[in-house]
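Colleague: Below: one structure in structure tokens.
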Amino acid sequence: MQGLERLIGNTPLLAIEYEMQGRQRTIYAKSEQMNFTGSIKDRMALHILRKAYAAGLIHPGDTIVEATSGNTGISFAAVGRALGHPVTIFMPNWMSRERMDLIHSLGANIVPVTRAQGGFLGSIRMAEEMAAQRDDVFLPRQFSNSANVEAHEQTTGPELYWQLRYEGLTADAFVAGVGTGGTVMGVGRFLKAAHSTTRIYPMEPAESPTLSTGCKVGQHRIQGISDEFVPEILHLTEIEPPVDVCDGDSILMAQKLAGELGLAVGISSGANFLAAVKVQGSLGDDAVVATVFADDNRKYLSTDLLRDEPVKSHYLSAGINLVGLRALSRVCKACTAVRDGAQLGEEVT
Ligand code: PMP
């Protein structure tokens, strides 16, 4: 496990400068596409498996079985195979071809689940059924496992906090699209403990506002977020109201980040950037607003991300002029020290 930790987390923080309505602003984004398998979910997969080993909940040779819309499957397949486990992934069959191919290529068994079989909720039910029938199955249960939140509370959050702090900055707000809610809750918990006035915002697709309505409504193209229900680990009462972003606008923004700044990120990263821009619009041009770029664009090459997306009048991306990019240091001894129990505020050199 020691070696895998060097391949996961400790990502650079990007300072993205942009201009909007004649005003210069900056958004900070953790470059999570640089993880082992190209997504933020590696952090959660590694932490859940590490805790399960420590608690004796998983044994060598056990099959890891998870329901996922994609990145989690890729992370558990890679980390699971690296640790010698067979992996079975239940996944809605409308996810991108690349996601399924990647999971296959990592030696995992993939079970596509149709809408008629229950889609995402059906995937979860089928994973539970498989675990009930066998005693050599480990279910990470990313939607209800507090270790998912903890992964971000112990790694993503402290990294972001110290990377900003080395620039003399403190986050006024953090915003992240909700899949399981692990990112927004975990990073949020750390940032709020460090600085109680930091505001934490969940983001959801305008076309499918599950968090605002409490149930599945509509369909959207921001793969990886807003699955069909409000996840158990997401506590909406502890955070700000959801920010909504249009899927077409997110596609255009992700295209812009890649085409103009060379940041080959996925659709949810475009969405997170737009949500951060919206939050900054409400807090002020100088507000320090941070988010994550959850994955890279390679899983979306067969999707609308690579097609011409019509621009609508209410979209934000058309008015955003990307000016420049700085990558802030990722060597973060302080984060490791916090993870290992040092007190917040204690200087670590
Ligand atoms: N973006 C993408 C591309 C994802 O795969 C995920 C995870 N499903 C998220 C965002 C949301 O992360 P979380 O599960 O921590 O809420």
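Colleague: Would you say ASP244 is in the same structural domain as PHE174 (by TED's automatic domain parsing) and over 18 Å from the mean Cα position of the chain (by Cα)?
Modeller: No; evaluated as a whole, the condition is false for this residue.
Colleague: Give the number of residues within region 62-104 that are at positive phi and either free of Cβ contacts under 8 Å to residues at least 12 places away in the same chain or within 14 Å of the ligand (Cβ to nearest atom) (or both).
Modeller: 1
Colleague: If I ask for residues that are more than 22 Å from the chain's Cα centre (by Cα), in a helix (DSSP H, G or I) and among the hydrophobic types (A, V, I, L, M, F, W, C), which ones from region 94-126 would you list?
Modeller: Correct list: MET126 only.
Colleague: Next question, about the same structure. Which residue pairs have Cβ atoms under 6 Å apart, sit 6 or more places apart or on different chains, and have a first residue in region 218-240 that is over 19 Å from ALA206 (Cα atoms) and a second that is more than 8 Å from the ligand (Cβ to nearest atom) and part of a loop (DSSP other than H, G, I, E, B)?
Modeller: GLU232/PHE143; GLU232/SER144
Colleague: Could you tell me which residue of region 222-231 is surrounded by the fewest Cβ atoms within 10 Å (Cβ to Cβ), considering only residues that are within 12 Å of the ligand (Cβ to nearest atom) and not hydrophobic (A, V, I, L, M, F, W, C)?
Modeller: Filtering region 222-231 for residues that are within 12 Å of the ligand (Cβ to nearest atom) and not hydrophobic (A, V, I, L, M, F, W, C), the one surrounded by the fewest Cβ atoms within 10 Å (Cβ to Cβ) comes out as PRO231.
Colleague: For VAL292, state whether it is assigned to a helix (DSSP H, G or I) and not polar (S, T, N, Q).
Modeller: no
Colleague: Out of the residues in region 256-312 that are modelled with pLDDT under 95 and polar (S, T, N, Q), which is nearest to the ligand (Cβ to nearest atom)?
Modeller: So, considering only residues that are modelled with pLDDT under 95 and polar (S, T, N, Q), the one nearest to the ligand (Cβ to nearest atom) is THR303.
Colleague: Still on this structure, please answer the following. Give the residues of region 154-172 that are within 15 Å of the ligand (Cβ to nearest atom) and surrounded by fewer than 23 Cβ atoms within 10 Å (Cβ to Cβ), sorted by residue number.
Modeller: Result: GLN154, single match.
Condition check ((1) in a loop (DSSP other than H, G, I, E, B); (2) assigned by TED's automatic domain parsing to the domain that holds PHE120; (3) within 20 Å of MET95 (Cβ to Cβ); (4) hydroxyl-bearing (Ser, Thr, Tyr)) across all residues:
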{"site": "LEU164", "(1), (2), (3), (4)": "no, no, no, no"}
{"site": "LEU169", "(1), (2), (3), (4)": "yes, no, no, no"}
{"site": "GLU204", "(1), (2), (3), (4)": "no, no, yes, no"}
{"site": "LEU211", "(1), (2), (3), (4)": "no, no, no, no"}
{"site": "ARG221", "(1), (2), (3), (4)": "yes, no, yes, no"}
{"site": "ILE233", "(1), (2), (3), (4)": "yes, no, no, no"}
{"site": "GLU240", "(1), (2), (3), (4)": "yes, no, no, no"}
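Colleague: Working only within region 127-161, note down all residues that are modelled with pLDDT of 95 or more, within 21 Å of the chain's Cα centre (by Cα) and of a type in the set (Phe, Trp, Tyr).
Modeller: The one that is modelled with pLDDT of 95 or more, within 21 Å of the chain's Cα centre (by Cα) and of a type in the set (Phe, Trp, Tyr): TYR161.
Colleague: Answer with yes or no whether GLY56 is away from the ligand (no atom under 16 Å from the Cβ) and either buried (at least 24 other Cβ atoms within 10 Å of the Cβ) or not assigned by TED's automatic domain parsing to the domain that holds ALA132 (or both).
Modeller: Here the answer is no, as GLY56 does not meet what is asked.
Colleague: Counting only residues that are crowded, with 18+ Cβ neighbours inside 10 Å and in contact with a Lys or Arg (Cβ under 9 Å, 6 or more places away or on another chain), how many does region 204-220 have?
Modeller: Qualifying residue count, region 204-220: 3.
Colleague: I need every pair where a residue in region 46-61 that is closer than 18 Å to ILE74 by Cβ has its Cβ under 6 Å from the Cβ of a residue that is surrounded by 14 or more Cβ atoms within 10 Å (Cβ to Cβ) and of a type in the set (Gly, Ala, Ser), sequence separation at least 6 or different chains.
Modeller: Every condition considered, the pairs that remain are HIS47/ALA147; HIS47/ALA151; ILE48/ALA147.
Colleague: Related question: Could you check region 313-345 and list, in sequence order, the residues that are at pLDDT below 95, touching a helix residue (DSSP H, G or I) at 6+ places or on another chain (Cβ under 9 Å) and among the polar types (S, T, N, Q)?
Modeller: SER329, THR336, listed by residue number.
Colleague: Could you check region 234-247 and list, in sequence order, the residues that are surrounded by 19 or more Cβ atoms within 10 Å (Cβ to Cβ) and hydrophobic (A, V, I, L, M, F, W, C)?
Modeller: LEU234, ILE239, VAL243, VAL245, CYS246
The values are calculated or read from the model by the stated rules, or taken from the named source; none is laboratory data. None of the values given here were measured: they were computed from a predicted structure. Heads up, the Cβs are rebuilt from the backbone with ideal geometry, glycines too, and the neighbour counts pull from every protein chain shown.
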